[in-house]
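S.K.: The following block contains the structure, expressed as structure tokens.
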Amino acid sequence: TINRAIQTAHARCRGSLGPWLPMRFITAEAKASAGRLDGKMREKTLTMDTLNPQVKAVEYAVRGPIVIKAGEIERYLEEGGTKPFSEVIKANIGDAHAMGQQPITFLRQVVALCTFPELMDSPSFPEDAKWRARRILQGCGGHSLGSYSASPGVECIRKDIAAYIEQRDEGVPSDWENIYLTTGASDGIMTILRLLVSGKDSSRTGVMIPIPQYPLYSAAISEMDAVQVNYYLDEDNCWALDINELHRAHQAAKQHCQPRVICIINPGNPTGQVQSKKCIEEVLHFAYEENLFVMSDEVYQDNVYAPDCQFHSFKKVLYEMGPEYFSSVELVSFHSTSKGYTGECGFRGGYMEVINMDPEVKAQLVKLLSVRLCPPLAGQAAMDVIVNPPQPEEHTFKQFHQEKSSVLGALAEKAKLTEQILNAVPGIKCNPVQGAMYAFPRIFIPPKAVEEAKALGMQPDMLYCLRLLEETGICVVPGSGFGQKDRTYHFRMTILPSIEKLNVLLGKVRDFHIRFLKEYSGLE
């Protein structure tokens with residue numbers, strides 16, 4: 001009966017709507033069947049041959065082959081497999097909470113209240129957190145964190161960020177309308193680069209980046225088909241930035257591209273150096289003279305450990321150089337929820353402050369941001385707590401201050417420990433970790449190991465790091481993923497694991513390196 005009804009309906013449709021209707025529903029099946037009959041299947045539209053070549057050029061070492069291999073080993077261990085170690089220690093990425101760092105209580109309280117306002121009635125939450133949450137929610141559509149915000153971000157949060165910058169820079173003015181919330185600092189960096197990249201052939205935009213560098217920059221340059229202009233940091237001088245090297249790199253680049261932008265990472269990633277005020281002045285004078293747009297990545301501004309170092313913002317130094325500089329040099333600086341003492345990577349919160357951008361270009365920036373609607377509201381709320389933390393007169397200040405000091409104090413201790421242990425190993429040299437949260441030690445790799453790596457079609461430090469992972473369970477990233485001078489080899493490791501786990505990690509690295517030297521050099 002059902003079949004007869006279907007057949008009758010089918011016939012009526014064919015009669016009233018024409019013969020095309022049933023064919024419309026059987027075309028895909030019929031063609032697939034026909035394809036199987038003659039042995040041919042439809043070819044894929046997107047293949048490696050048709051893929052955007054700029055995407056193929058992108059590399060991102062901190063989540064590259066080493067990390068994929070580490071994941072495979074983790075799964076093998078979970079399934080009952082045996083290795084000379086019981087766990088994989090991932091020291092490849094600056095993910096504080098994954099390494100065991102505990103969240104800052106006050107930040108989580110404010111975000112929790114914003115996410116679930118019914119908690120405002122709970123006596124478990126301090127009034128300091130409640131009034132901040134209410135203020136943030138009042139700036140959100142429908143008083144809900146689930147609404148879209150304006151594309152540049154929630155207005156009251158932008159105003160809090162401007163106030164924070166003024167306080168940080170000891171009175172240097174900050175206009176909240178120059179503040180743009182972003183989905184982590186990475187999103188802001190990519191957005192600004194999109195504005196800057198243009199031209200073809202010898203007029204293509206050249207982007208000056210430090211080597212070693214954070215691979216976001218090289219990946220973005222490849223994706224946008226810009227020209228990467230390397231300037232090398234001075235490893236023998238604690239990874240300092242040499243102004244003569246900037247001039248060399250710029251002069252050489254002008255032969256094949258148009259350098260338009262210089263990127264600075266301060267404190268440094270992966271190198272951990274903190275730039276002096278004099279160095280920053282030299283960079284800004286160089287940018288002024290060569291008409292370069294300055295991108296200042298300052299996400300580690302709270303992570304300074306060396307007692308003789310201090311964070312200086314590029315904006316403050318620019319202001320102190322006088323109105324001729326402060327009114328003309330185009331500068332964008334970036335900050336994030338992911339680093340500092342909070343380590344809230346998963347919230348994907350960040351901001352950028354834009355200085356001296358052409359008003360018409362700024363309108364184009366807003367247009368570009370509008371395409372993405374807005375950054376995550378929870379990340380914006382987390383960013384607000386970082387720039388508007390508890391004050392000494394508030395009830396929550398004591399606990400907040402203790403937690404912040406504990407995190408930064410532990411990082412300073414681990415920075416010193418890492419430097420000391422690695423420098424005691426023959427064939428390893430590690431500069432002081434002045435700031436950020438990484439060490440980038442130089443490793444001696446014997447010629448025999450270099451030859452083996454070349455035979456395997458890989459970089460020598462990739463061979464080293466793969467062997468380290470397979471024999472010890474330690475996951476670090478080869479220096480070749482960040483850039484390094486020819487015939488030098490490094491790896492980057494985070495200092496985020498707990499003191500106990502970091503001691504284990506460094507001990508395993510020491511023992512492995514000595515075995516590696518014995519194997520490939522015959523040294524005792």
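S.K.: Within region 88-119, track down each residue that is over 18 Å from Lys130 (Cα atoms) and among the aliphatic types (A, V, I, L, M).
M.R.: Residues satisfying the conditions are Val88, Ile89, Ala91, Ile93, Ala96, Ala98, Met99.
S.K.: Checking the conditions here, which among Gly206, Gly272 is more than 26 Å from Ile428 (Cα to Cα) and either touching a His at 6+ places or on another chain (Cβ under 6 Å) or touching a residue at least 40 places away in the same chain (Cβ under 8 Å) (or both)? Before the answer, list the steps.
M.R.: Values: Gly272 fails: more than 26 Å from Ile428 (Cα to Cα).
Unique residue meeting the criteria: Gly206.
S.K.: Tell me the helices (runs of 4 or more DSSP H) entirely within region 391-502 that contain at least 1 residues that are under 19 Å from Trp239 (Cα atoms) and open to solvent by 10 Å² or more (accessible area, probe 1.4 Å).
M.R.: Helices (runs of 4 or more DSSP H) meeting the threshold: 397-423.
S.K.: Answer yes or no: is there a residue in region 278-290 that is outside any helix (DSSP H, G or I), out of contact with any Lys or Arg (no Cβ under 6 Å at 6 or more places or on another chain) and open to solvent by 10 Å² or more (accessible area, probe 1.4 Å). Give the steps one after another, and end with the answer.
M.R.: Filtering region 278-290 for residues outside any helix (DSSP H, G or I) gives none.
Looking through region 278-290, none of the residues is outside any helix (DSSP H, G or I), out of contact with any Lys or Arg (no Cβ under 6 Å at 6 or more places or on another chain) and open to solvent by 10 Å² or more (accessible area, probe 1.4 Å).
S.K.: From Ala253, Ala226, Ala219, grab the single residue that is more than 18 Å from Ile280 (Cα to Cα) and either open to solvent by 30 Å² or more (accessible area, probe 1.4 Å) or under 16 Å from the mean Cα position of the chain (by Cα) (or both). Don't jump to the end; show me each part of the working.
M.R.: Details: Ala253 fails: either open to solvent by 30 Å² or more (accessible area, probe 1.4 Å) or under 16 Å from the mean Cα position of the chain (by Cα) (or both); Ala226 fails: either open to solvent by 30 Å² or more (accessible area, probe 1.4 Å) or under 16 Å from the mean Cα position of the chain (by Cα) (or both).
When all the criteria are applied, what remains is Ala219.
S.K.: In addition: Looking at (1) more than 28 Å from Leu195 (Cα to Cα); (2) touching a strand residue (DSSP E or B) at 6+ places or on another chain (Cβ under 8 Å), which one does Phe397 not meet, given that it meets all the others?
M.R.: Against the list (1) more than 28 Å from Leu195 (Cα to Cα); (2) touching a strand residue (DSSP E or B) at 6+ places or on another chain (Cβ under 8 Å), Phe397 comes up short only on (2).
S.K.: Select, from Phe311, Phe334, the only residue that is assigned to a loop (DSSP other than H, G, I, E, B) and among the hydrophobic types (A, V, I, L, M, F, W, C). Walk me through how you get there before you give the answer.
M.R.: Values: Phe334 fails: assigned to a loop (DSSP other than H, G, I, E, B).
None of the other options fit; the residue is Phe311.
S.K.: Being open to solvent by less than 60 Å² (accessible area, probe 1.4 Å) and part of a helix (DSSP H, G or I) is the filter; apply it to region 515-524 and report the residue that is nearest to Thr472 (Cα to Cα). If you could, list the steps in order and put the result at the bottom.
M.R.: We begin by selecting, within region 515-524, every residue open to solvent by less than 60 Å² (accessible area, probe 1.4 Å); these are 516-517, 520-522.
From the residues that got through so far, the ones that are part of a helix (DSSP H, G or I) too are 516-517, 520-521.
Numbers: Phe516: 12, Leu517: 16, Tyr520: 18, Ser521: 20 Å.
The extreme case among them is Phe516.
S.K.: So, one more: Of the conditions (1) within 26 Å of Asn356 (Cα to Cα); (2) open to solvent by less than 40 Å² (accessible area, probe 1.4 Å); (3) within 23 Å of the chain's Cα centre (by Cα); (4) among the β-branched types (Val, Ile, Thr), Ile243 clears all except one; give me its number.
M.R.: Of the numbered conditions (1) within 26 Å of Asn356 (Cα to Cα); (2) open to solvent by less than 40 Å² (accessible area, probe 1.4 Å); (3) within 23 Å of the chain's Cα centre (by Cα); (4) among the β-branched types (Val, Ile, Thr), the odd one out for Ile243 is (3).
S.K.: Restricting the search to region 292-308, which residues are farther than 13 Å from Gly272 by Cα, modelled with pLDDT of 95 or more and not in a strand (DSSP E or B)?
M.R.: Within region 292-308, Leu292 is the sole residue that qualifies.
S.K.: Go through (1) modelled with pLDDT under 90; (2) part of a helix (DSSP H, G or I) one by one and return the number of the condition Asp225 breaks.
M.R.: Failed condition: (2).
S.K.: Oh, and also: Of the numbered conditions (1) under 30 Å from Asp201 (Cα atoms); (2) surrounded by 15 or more Cβ atoms within 10 Å (Cβ to Cβ); (3) of a type outside the set (Gly, Ala, Ser), Gln275 satisfies every one except a single condition; which is it?
M.R.: (1)
The values are calculated or read from the model by the stated rules, or taken from the named source; none is laboratory data. Keep in mind that what you see is a predicted model, and the values were worked out from it rather than measured. Using ideal geometry, Cβ is built from the backbone for each residue, glycine included, and neighbour counts are taken over all protein chains shown. For the accessible areas, the whole protein counts, side chains as well, though only heavy atoms, and no ligand, DNA or RNA atoms are used. Shrake-Rupley method; radii C 1.70, N 1.55, O 1.52, S 1.80 Å.
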